[in-house]
Each structure stands twice: as C-alpha cells, then as structure tokens.
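Report on the following structure.
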Amino acid sequence: GQQLNQSPQSMFIQEGEDVSMNCTSSSIFNTWLWYKQDPGEGPVLLIALYKAGELTSNGRLTAQFGITRKDSFLNISASIPSDVGIYFCAGQSGAGSYQLTFGKGTKLSVIP
Amino acid sequence: DAGITQSPRHKVTETGTPVTLRCHQTENHRYMYWYRQDPGHGLRLIHYSYGVKDTDKGEVSDGYSVSRSKTEDFLLTLESATSSQTSVYFCAISESEVTDTQYFGPGTRLTVL
C-alpha cells in the first residue's frame, strides 16, 4: 500500500522557536491534510490542501502542498507550550478512493 | 467540534471474547470510518462506510467486521478478540469523499488480555 514518510519523528524545541516538519510519498496525492493529536484525544484537523503548490495558513501554522504532489510541509511559527502534541500528515490519492494514508506522526515537545 | 461520540471509551476484555465498539454521529455525514492507532504505525484504516448498509474493507480489516444500519451509527465488532487487537480505536466521519476532510471521535482504548 501507499506509505508516507513523516519527519522528524520527534523534536524538542524552545518556546518561541519556529518548527518545520514534512511528509514525503512515493505516490501522488490529490489532497494533503495536517492533524494534531493531544494525549487521550482524537486527531483534530489543522489545515487541508487541495492544489499542488498551494500555501495555506491557519494562525501561526502554515502548510504547503508540494509542487510534485508527493510532499507537504507544515511550519509552526513562534511555538508556545500548547503546541505540544503529535502532528500527523495524511494524503488522499483521489480517483474514487475514500481512504486516507497517514504518516506515523511527529511528536513535538516545547520547552518553556 | 463535530458531534462524534464513541462507546465505550475504555474496555478490558479477554482473548476469545466478542467485542463491539460503537460510533455515533449527530452530523448526518454520509461517510464513517474506523481506524486503529498503534505506536510506530500511526493511524490505519480498518473499515469504512459510504452509506447505510454500504461498507468496505480498509488496510487492516482481518479479524474485524462492521455494520451500519442507520446513518448515525457505525459499529465495529471483533468476533473473537486477540491480544494483537489491543489498540486505540478511532471513529471518523466525513461529509463527502471529495474533500475527504475527516473529523475524529475521542477514541476507545481496548485492551485484550
């Protein structure tokens, strides 16, 4: 099946620093999604991307749909303690598929 | 927040017993999904439904069955639970397959002893 490689697996940063994470795939996706999961909760959608090259922001979060359609990036600016959690990318290949393929997550820790 | 509830939220059971997990939505969304989440594997799709009585298999469907008799309810059944099915199970819903923006429930933590 399709696989997404998400990196880094984990990161420790100082409060106020910017964060970057990315997902790559060997397959083309028509939709890229970024989720955040807090401990004991379900994932919550942060940003959805539908077009190659698209750059979308949600507050301090910015995500990009790679021009090759095989990758996506998420940036968090000026991190704060509540940014702690696991961030997942997910891709949908389209073509009648209802299924999302998820990355394994990036665990973010913010040091106050 | 999307109106999705899962029950039970926690369950401990023994190997070989049947288990049913319930997902209930109040959004009237057509599509519903069951995922399992395990360390090092992220989220993997078990089964999904694209309408009442319309279901299909996902990536890791072996050992699981589903049913959807009403728009709002999607049941996941483990006919004979095994220790390898110890996991956190998430239900998700989406309005259409085009946007495929899925909203997740709070999860059920299942432990099979």
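Three principal axis extents describe the C-alpha atoms of chain B; from largest down they are 38, 29, 23 Å. Positive end of the dipole of chain A (Cβ unit charges, origin at the Cα centre): among A:PRO81, A:ALA52, A:VAL19, the Cα lying farthest that way belongs to A:ALA52. Considering the zone a paramagnetic label at B:THR86 would reach in this model (a point 7 Å from Cα along the Cα-to-Cβ line), which residues of segment B:39-65 have amide N under 17 Å from it? B:39-41, by backbone N distance to the label point. Averaged over the residues of peptide B:53-65, the number of Cβ atoms from other protein chains lying within 10 Å of each residue's Cβ is 1.
Considering every residue in B:31-38, what mean count of other chain Cβ atoms within 10 Å of its Cβ is obtained? Walk me through the numbers before you get to the answer.
On the way: counts 1, 0, 3, 0, 4, 0, 7, 1.
So the per-residue partner count for this stretch is 2.
Computed over the alpha-carbon pairs of the protein assembly as shown, the distance histogram in 5 Å steps reads 1, 7, 15, 19, 19, 16, 12, 7, 3, 1, 0 percent, short to long.
Its Kirkwood hydrodynamic radius, worked out from the mean inverse distance over all distinct Cα pairs, puts chain A at 14.0 Å. Spacing of the modelled spin labels on A:LYS107 and B:ASN28, each 7 Å from Cα toward Cβ, amounts to 4.2 nm. Inter-chain Cβ neighbour count for A:25-32, averaged per residue, equals 1 (cutoff 10 Å, partner chain atoms only).
When the dipole is taken about the Cα centre of chain A, and only Lys, Arg (+1) and Asp, Glu (-1) are charged at their Cβ, what size is it in debye, to the nearest 20?
On the way: 7 positive and 8 negative charges, 78 e Å.
Roughly 380 debye for chain A.
Annotation: the residues B:SER87, B:SER67, A:SER26, sorted from fewest to most other C-beta atoms within 10 Å of their own C-beta, follow the order A:SER26, B:SER67, B:SER87.
Quick one: dipole size for chain B, taken about the Cα centre, charges +1 on Lys/Arg Cβ and -1 on Asp/Glu Cβ, in debye to the nearest 20. Numbers along the way, then the final one.
On the way: 11 positive and 14 negative charges, 62 e Å.
Dipole of chain B, to the nearest 20 debye: 300 debye.
About its Cα centre, the dipole of segment A:31-80 is roughly 180 debye, where the only charges are +1 on Lys and Arg Cβ and -1 on Asp and Glu Cβ.
Each value in this text was obtained by applying a stated rule to the coordinates, not by laboratory testing. These numbers were taken from a predicted model, which means no experiment stands behind them. Ideal geometry is used to build each Cβ from the backbone, glycine not excepted, and the neighbour counts take in all protein chains shown.
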